[in-house]
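Engineer: Below is one structure. I have some questions about it.
The values are calculated or read from the model by the stated rules, or taken from the named source; none is laboratory data. Small disclaimer: the values here were computed from a predicted structure and weren't measured. Don't worry about glycine lacking a Cβ; one is built from the backbone with ideal geometry, like all the others, and counts go over all protein chains shown.
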Amino acid sequence: MSDALKNPVIKLKLLIDEEKNKVVFAETGKDFVDILFSFMTLPMGKIVRLMEMHQKSQSISIGCFNNIYGSVLSMGMKHFRTEACKQMLLYPGSLNQEKCRNLKIRIDDSERTKCFICPMFERSGQCCKWYSNFNTSRCSCGNLMDEVIQFQGEGVGATVGNGAEGGVFVRSDHTSFVITDDLKVEVSSVELTLNVLKDLGYTDCNKLVEMIYNFNFEEVATLLECLFTSDTPLTDTFLKKKSSYGMKRIHKPLSPALREEREESKADQTITLNAYVRKKEGNILFVECGEDFVDLLFTFLAMPLESVWGIVGNGTILGCIGNLCRSFKDLSIVSSREAKCVLPHYYKCHKQLLDVVTPHEPPTYYSYVSFSVDHFREYNLSENSDKPLVYEWDKLVPVISIDPKSEGDGNTSDESTTSSGGFMKRGTKFMVTDDLIITPSNSTSTIGLLKEKQVRLDDVEIQVITIRKEEAIRLLEASLVTFSALSTSLLAMEIASTSVPQSRLFKKPKIET
């Protein structure tokens, strides 16, 4: 295999102000823009994992998201409904996952979507005719559903271009783009170039030089990091080769009118919890809650960055993410869903307070099964359609999905699928700290936290807090930009513009087994 295929490179033309050591803008084709836009489709849990994998020096935290992800990683399997529940949170899936496989340079290391069935799929009359996206589900006959079925063609959802014609995310009628240092992406033109230079205060071009840079995998990882830590991502990625950690985060509370409008809805679901508040400082030490609140927090990890920003972006400034999100909506082939977040069907929860949509029915596939003389089986899976496969209809077996969050006995119906929502076992109590470290609730952990914070018992009061859609939005917003998400969102504590702190990093507790 050639080096070009092993280590793909994208060439960028950068206009640089040498005196200020700053990128003015980049001019590039759709391959680079596709990579930028792919960041918006990544689930937040995947972003956290990728940044922790590729970080070179000091740890980087995306608000409280690192703590939420670390809590999933550290929590014992016995607290989850099934093994698949923990797996789908540590490696969250995306509806755009297969599209990202067509990027010229990929940072996402996810495997193709897989379907698993029982090894006795055709030979046992007691075997269910379902598939699972996880190999830990059990069939009705008792066997693990761990036999992989291959998809027809390139894989599920692989209907996009290869970057040469229609692009992965960029529309086919655009071929050249100008990207400013704060990640505003626009279709290239002479008029745009002159306007960008004028807006940045350049009256002549004597101090500007053009340079060609090679953009490879290392720069992709650095650019993703800079998206959350820098106001000048291109400069930090290509000239400084690291983030400047100089970005400001601004959180603006919801307006009273918006609060009143949401409070008028009587049909909204609610979650109630006990908050332990420090009287003197007026901040939340921790809350004790049931599984519904933890399911809500863990759902944050499955939400793509685009959807998170669509829900909270109007009241938040976080570096250049807003610019990139607006460019993504204007230039991408992906349809805009405003404040709606669409997740794979297996992320369904009992109480979903946010604008998250999970399909009620997972896709149905057809499996073509044939037996040779030597009894070798051959599976080929295709999505449900008028003509799913070219094979004879009597050899097509419809395969429908089993909910991986059920107990995995194969007895799945519409009713049982609905009732099996959520990731955590029912009836479990949890403790969640202000910076969203989540642990099973017990007296030892409570006493240990009070000792660590040096809090007297007479300085703690209990407040019963009800969480509706408004509070859930505030919590998602605060989780993105602060390290005191509970106090900021549930007690409406306002925070000023702050640089990214480096001292409040998640300390992984001992991993339970």
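Engineer: Quick one: which helices (runs of 4 or more DSSP H) sit completely within segment 4-97 and have at least 1 residues that are among the acidic types (Asp, Glu)?
Structural biologist: Output list reads 30-41, 44-54, 83-90.
Engineer: Testing Lys266 on (1) surrounded by 13 or more Cβ atoms within 10 Å (Cβ to Cβ); (2) modelled with pLDDT under 85, one condition comes back false. Which one is that?
Structural biologist: Status for Lys266: all satisfied but (1).
Engineer: Quick one: how many residues across segment 17-58 are buried (at least 22 other Cβ atoms within 10 Å of the Cβ), closer than 17 Å to Phe217 by Cα and not charged (D, E, K, R)?
Structural biologist: 11
Engineer: Tell me which residues, restricted to segment 189-221, are free of Cβ contacts under 8 Å to residues at least 24 places away in the same chain and either small (Gly, Ala, Ser) or closer than 21 Å to Glu306 by Cβ (or both).
Structural biologist: Once the filter is applied, which keeps residues that are free of Cβ contacts under 8 Å to residues at least 24 places away in the same chain and either small (Gly, Ala, Ser) or closer than 21 Å to Glu306 by Cβ (or both), segment 189-221 yields Ser189, Gly201.
Engineer: Considering only segment 226-234, I want to know if a residue exists there that is at pLDDT below 75, within 19 Å of Leu480 (Cα to Cα) and among the polar types (S, T, N, Q).
Structural biologist: no
Engineer: Yes or no: Thr439 among the polar types (S, T, N, Q) and either free of Cβ contacts under 8 Å to residues at least 24 places away in the same chain or outside any strand (DSSP E or B) (or both)?
Structural biologist: No.
Engineer: Let me ask something else about it. For the structure I just gave you, tell me whether Met1 is in a helix (DSSP H, G or I), at pLDDT below 90 and more than 30 Å from Glu210 (Cα to Cα).
Structural biologist: no
Engineer: Which of the residues belonging to segment 445-471 are at pLDDT below 90, of a type in the set (Val, Ile, Thr) and surrounded by 15 or more Cβ atoms within 10 Å (Cβ to Cβ)?
Structural biologist: If the condition is that a residue be at pLDDT below 90, of a type in the set (Val, Ile, Thr) and surrounded by 15 or more Cβ atoms within 10 Å (Cβ to Cβ), then Thr446, Val455 are the ones that fit.
Engineer: Shifting gears a bit: If we keep just the residues of segment 173-187 that are touching a residue at least 12 places away in the same chain (Cβ under 8 Å) and not in a strand (DSSP E or B), which is surrounded by the most Cβ atoms within 10 Å (Cβ to Cβ)?
Structural biologist: The selected residue is Leu183.
Engineer: For segment 269-287, what are the residues that are among the charged types (D, E, K, R) and closer than 17 Å to Glu452 by Cβ?
Structural biologist: Arg278, Lys280, Glu281
Engineer: Ok, one more. Can you spot a residue in segment 406-424 that is over 19 Å from Ser137 (Cα atoms), modelled with pLDDT of 50 or more and surrounded by 11 or more Cβ atoms within 10 Å (Cβ to Cβ)?
Structural biologist: The answer is no, given that none of the residues of segment 406-424 is over 19 Å from Ser137 (Cα atoms), modelled with pLDDT of 50 or more and surrounded by 11 or more Cβ atoms within 10 Å (Cβ to Cβ).
Engineer: Going through segment 191-218 one residue at a time, which ones are within 26 Å of the chain's Cα centre (by Cα), surrounded by fewer than 22 Cβ atoms within 10 Å (Cβ to Cβ) and either closer than 17 Å to Glu27 by Cα or of a type in the set (A, V, I, L, M) (or both)?
Structural biologist: Scanning segment 191-218 gives a single hit, Asn216.
Engineer: Report, by residue number, each residue of segment 295-327 that is among the small types (Gly, Ala, Ser) and free of Cβ contacts under 8 Å to residues at least 60 places away in the same chain.
Structural biologist: Within segment 295-327, Ser307, Gly310, Gly313, Gly322 meet the criteria.
Engineer: Same structure again: Identify, from the list Leu301, Leu258, Leu273, the residue that is at pLDDT below 90 and either in a strand (DSSP E or B) or within 20 Å of Arg468 (Cα to Cα) (or both).
Structural biologist: Leu258
Engineer: On to the next question. State yes or no: is Gly142 modelled with pLDDT under 90, closer than 30 Å to Ala84 by Cβ and under 24 Å from the mean Cα position of the chain (by Cα)?
Structural biologist: Criteria not met by Gly142.
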